[in-house]
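**Q** For reference, the structure I am asking about is given below.
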Amino acid sequence: MTTYDDRENLFDLTATVERIRNAVEQVIEGKPEVVRLSLTVLLAEGHLLIEDVPGVGKTMLAKALARSVDCSVRRIQFTPDLLPTDITGVSIWDQQRRDFEFKPGAIFSQMVIGDEINRASPKTQSALLESMEERQVTIDGQTYPLPSPFMVVATQNPVEMEGTYPLPEAQRDRFMARVSIGYPGTEAELRMLDVHGGASPLDDLQPVAHAHDIVKLIETVREVHVSEPVRRYVVQLVAATRAHADLRLGASPRATLHLLRAAKASAALAGREYALPDDVQALAPAVLAHRLLPTAQAQLGGRTADVVVREILAHTPVPASPGPRGL
């Protein structure tokens, strides 16, 4: 049964998230669904990939999300000459101690902003694999844990642009969700001229939550109930990507877990202690599409991974919406 503590924790969660959302939306005009997805990924212990053309606010969104929470933040500008040790750190010989001393890299932060991540080589990309999945870094046989909470918010330009590398499949699979900001509407762009015309609103953005608040909220999300029919629905959606004729690479079991965690976070954001099929449906395109590889024939026909995911959603039977746990 739902306890008083459960309801109180959900109330605290929605109140804290509302403060963060309002803070971020002071900087990002007219994109409430993008801000909500970013917060969903944060509470689901995932990493976010923001993909779009230059100038639409990718880095601004990442910085606004980081500054709204009082935690350690590091920004990494990815370039072709960036080395893996620039990210993870390096062991340096200390002549006085006559021993190697580890100098942590930029990844040792609670919020890591990877700007233009697909401008670095695949070798450099590989430095993020262990940290994003296992939340640790191994250097010279020594393992160093990363702080909690830990989130990578990366931006990337479309692959067709000059100087970019396609992200390896293993790297894309580490990101819980991918989002595109898109161009603002007319009214939002007019408001942007008023707000951003004189000075950047980032300069005045103050933290509205602490790192320990986020850790507590994450623990609350973990307790959100997911019924057996909804879990089965998640598995069926992911399995359908592996058998689809237009895809040469379907979603991994990690994608199944990410979709479940994101659905739980979405339910908590809505003030519910249980997840619904609607939570899964709303998040499936953002969580699954960036992991899928269409066949050459599908690409020639203009069929994207997003189109395939929406078709799978339309053809997969939806279970009846469950009630609260214990009812």
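**Q** List the pairs whose first member sits in the range 238-265 and is acidic (Asp, Glu), whose second member is outside any helix (DSSP H, G or I), and whose Cβ atoms are under 7 Å apart, counting only residues at least 6 apart or on separate chains?
**A** Sorted first by the residue in the range 238-265, then by its partner, the pairs are Asp246/Pro294; Asp246/Thr295; Asp246/Arg303.
**Q** Here's a follow-up. Which of the residues belonging to the range 189-239 are in a helix (DSSP H, G or I), closer than 30 Å to His315 by Cα and open to solvent by 30 Å² or more (accessible area, probe 1.4 Å)?
**A** Arg222, Glu228, Pro229, Arg231, Arg232, Val235, Gln236, Ala239, listed by residue number.
**Q** Quick check: anything in the range 174-188 among the charged types (D, E, K, R), surrounded by 12 or more Cβ atoms within 10 Å (Cβ to Cβ) and under 22 Å from the mean Cα position of the chain (by Cα)?
**A** Scanning the range 174-188 turns up at least one residue that is among the charged types (D, E, K, R), surrounded by 12 or more Cβ atoms within 10 Å (Cβ to Cβ) and under 22 Å from the mean Cα position of the chain (by Cα).
**Q** Return the residues of the range 248-271 that are farther than 19 Å from His47 by Cβ and crowded, with 22+ Cβ neighbours inside 10 Å; say none if nothing qualifies.
**A** Passing the criteria: only Ala267.
**Q** Now for a different question. Would you mind stating whether Arg248 is in contact with a strand residue (DSSP E or B) (Cβ under 7 Å, 6 or more places away or on another chain) and part of a loop (DSSP other than H, G, I, E, B)?
**A** no
**Q** For the range 48-106, what are the residues that are within 14 Å of Val35 (Cα to Cα) and of a type in the set (Ser, Thr, Tyr)?
**A** The answer is Thr59, Ser68.
**Q** For the range 128-154, which positions are modelled with pLDDT under 90 and crowded, with 17+ Cβ neighbours inside 10 Å?
**A** The one that is modelled with pLDDT under 90 and crowded, with 17+ Cβ neighbours inside 10 Å: Ile139.
**Q** Go through (1) touching a Gly at 6+ places or on another chain (Cβ under 8 Å); (2) assigned to a helix (DSSP H, G or I); (3) open to solvent by 60 Å² or more (accessible area, probe 1.4 Å) one by one and return the number of the condition Pro80 breaks.
**A** Looking at each condition in turn, Pro80 falls short on (2).
**Q** Let me ask something else. Just checking, which of Val53, Val35 is over 19 Å from Ala265 (Cα atoms) and of a type in the set (A, V, I, L, M)?
**A** Matching residue, one of Val53, Val35: Val53.
**Q** Of everything in the range 87-110, what is without any contact (Cβ under 8 Å) to a residue 60 or more places away in the chain and buried (at least 19 other Cβ atoms within 10 Å of the Cβ)? Give them in sequence order.
**A** Answer for the range 87-110, where residues must be without any contact (Cβ under 8 Å) to a residue 60 or more places away in the chain and buried (at least 19 other Cβ atoms within 10 Å of the Cβ): Ile87, Thr88, Gly89, Gly105, Ile107, Phe108, Ser109.
**Q** While we're on this one: Among the residues of the range 255-281, write down those that are hydrophobic (A, V, I, L, M, F, W, C) and under 16 Å from the mean Cα position of the chain (by Cα).
**A** Ala255, Leu257, Leu259, Leu260, Ala262, Ala263, Ala265, Leu269, Val280
**Q** I'm checking my understanding of the structure. Among residues of the range 12-32 that are of a type in the set (D, E, K, R), assigned to a helix (DSSP H, G or I) and modelled with pLDDT under 90, which one is farthest from Ala267 (Cα to Cα)?
**A** Glu25
**Q** Then there is this: Which one of Ala62, Ala66 is in a helix (DSSP H, G or I), in contact with an Asp or Glu (Cβ under 9 Å, 6 or more places away or on another chain) and assigned by TED's automatic domain parsing to the domain that holds Ala188?
**A** Ala62 is the lone residue from the list that is in a helix (DSSP H, G or I), in contact with an Asp or Glu (Cβ under 9 Å, 6 or more places away or on another chain) and assigned by TED's automatic domain parsing to the domain that holds Ala188.
**Q** Follow-up. Would you please list the contacts, defined by Cβ atoms under 6 Å and residues six or more apart or on different chains, that run from a residue in the range 126-153 that is within 23 Å of Leu65 (Cα to Cα) to a residue that is surrounded by 20 or more Cβ atoms within 10 Å (Cβ to Cβ) and aromatic (Phe, Trp, Tyr)?
**A** The qualifying pairs are Arg135/Phe150.
**Q** Something else: Which condition number does Gly114 fail, the rest of (1) without any contact (Cβ under 8 Å) to a residue 60 or more places away in the chain; (2) open to solvent by 70 Å² or more (accessible area, probe 1.4 Å); (3) under 18 Å from the mean Cα position of the chain (by Cα) being met?
**A** Here Gly114 meets the rest and fails (2).
**Q** Could you check Val73 against (1) open to solvent by 30 Å² or more (accessible area, probe 1.4 Å); (2) in contact (Cβ under 8 Å) with a residue 12 or more places away in the chain; (3) more than 19 Å from the chain's Cα centre (by Cα) and say which number it fails?
**A** Among (1) open to solvent by 30 Å² or more (accessible area, probe 1.4 Å); (2) in contact (Cβ under 8 Å) with a residue 12 or more places away in the chain; (3) more than 19 Å from the chain's Cα centre (by Cα), the lone unmet condition for Val73 is (3).
The values are calculated or read from the model by the stated rules, or taken from the named source; none is laboratory data. Note that the coordinates shown come from a computational prediction; the quantities given were computed from them, not determined experimentally. Virtual Cβ from ideal backbone geometry, glycine too; neighbours counted across all protein chains shown. We work out accessible area using only protein heavy atoms, side chains counted, and drop any ligands, DNA or RNA first. Shrake-Rupley method; radii C 1.70, N 1.55, O 1.52, S 1.80 Å.
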